[in-house]
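The values are calculated or read from the model by the stated rules, or taken from the named source; none is laboratory data. Because the structure is a prediction, the values reported are computed rather than measured. Please note: Cβ atoms are built from the backbone with ideal geometry, for glycine as well, and neighbour counts cover all protein chains shown. These accessible areas exclude ligands, DNA and RNA; they are computed on the full protein's heavy atoms, side chains included. Shrake-Rupley method; radii C 1.70, N 1.55, O 1.52, S 1.80 Å.
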Amino acid sequence: MEKISEAFSFGGKQFVFSHASIVNDCKMTLAIFTPPQVKNPPVLWYLSGLTCSHLNVMEKGEYRKKAAELGMVIICPDTSPRGDQVPDEKDNWQFGSGAGFYLDATQQPYDKNYNMYSYLNDELPKLVENNFDFDMSRQSIFGHSMGGHGAIIMALRNPEKYKSCSAFAPIVEPSTASWSSEAFKKYIGLDKDNWQMYDSVALIKNGYRFPEILVDQGEADSFLEDGLRPWLLEDACRKAGIKLNLRMQPNYDHSYFFISTFMTDHLNWHRDRI
């Protein structure tokens, strides 16, 4: 891993690193915050949303003060592979660079680079474990929007790995949402049966389980009706017996003003369970 930057913050350290990813066949960048004076701290992964990189939450998420107090590592990966050799649609914010959807592509030419599920589930945790003295037996995961989708599918598919899961305004059924279904076609193909492994609601209907999930959703979110639709997750969890704490927040939108407002709640949630 190559260190790009290091800054002292609330007694801890905010790092940015890059490394060569094998599964994505490109250089990947990530942010890691380490708390002060904690031996073998637990790890909380944060997955960002469409158009974002590691920078958005690092600069606007306001997590460092509470993470330092709680003694938690916060790891913020990028949202997709990047580089001149990586296929992209530069005029499409819902696909390509910044829009990896945390899946493994099967369709050419995207299958060579867009393997974010394997990157986050296998490659990156092993790299972190080999380079830091973190307690990888205590991991939790959360995220925003596309990253909320990523966090929930990661938890549902790997309940033995994560102690807790939460999300800000997640895309809960991307296989039927207008702003994600087109990306699924290009990444995974036209057979919608293959989409279900990357769809939270479909996973729950197919028997995947996680004990409890916290979701905060702004009622003034402009994407609420077409892209996010938390009531679909609520219905699936109710029928499956999964404890979902869905908090609809009046007046809040989809932005980092919303996320930063409830960031402390989510960090406390995870620390109580990790």
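Values as computed for the structure displayed
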read-out	value
For the chain, accessible area per residue (1.4 Å probe, heavy atoms of protein chains only), Å²	42 Å²
Area of Asp193 that stays accessible when all protein chains are in place (1.4 Å probe, Å², to 10)	110 Å²
Amide hydrogen neighbours beyond the local backbone of Leu103, cut-off 5 Å, H modeled	Met116, Tyr117
Protection proxy ranking, peptides 209-215, 154-160, average beta carbon neighbours within 10 Å, highest first	209-215, 154-160
Residues with amide H under 5 Å from that of Ser21, placed H, sequence gap 5 or more	Cys26, Lys27, Met28
Probe 1.4 Å, all protein chains present, accessible-area order of Ser222, Ser175, largest first	Ser222, Ser175
Apportionment of accessible area to carbon and sulfur, segment 1-139, percent (1.4 Å)	46 percent
Note, ³J(HN,Hα) from phi for segment 56-69, Karplus 6.51, -1.76, 1.60, rounded to Hz, x at Gly and Pro	4, 6, 4, 8, 10, x, 6, 9, 5, 4, 5, 4, 5, 5
Alpha carbon centroid spacing (whole Å) that separates segment 114-162 from segment 49-74	15 Å
Label corresponding to Rg and Dmax of the Cα atoms in Å when calculated from the structure given, among [x] 17.3, 51; [y] 18.2, 52; [z] 20.3, 66	[x]
At most 11 other Cβ within 10 Å, DSSP loop - trypsin sites (Lys or Arg not before Pro), segment 11-112	Lys39, Lys90
Helix-only [θ]222 nm of the chain, DSSP H runs n ≥ 4, -39500 (n - 2.57) each, per residue, nearest 500	-8500 deg cm²/dmol
Counting DSSP beta bridges with both ends in the chain, the antiparallel % (nearest 5)	50 percent
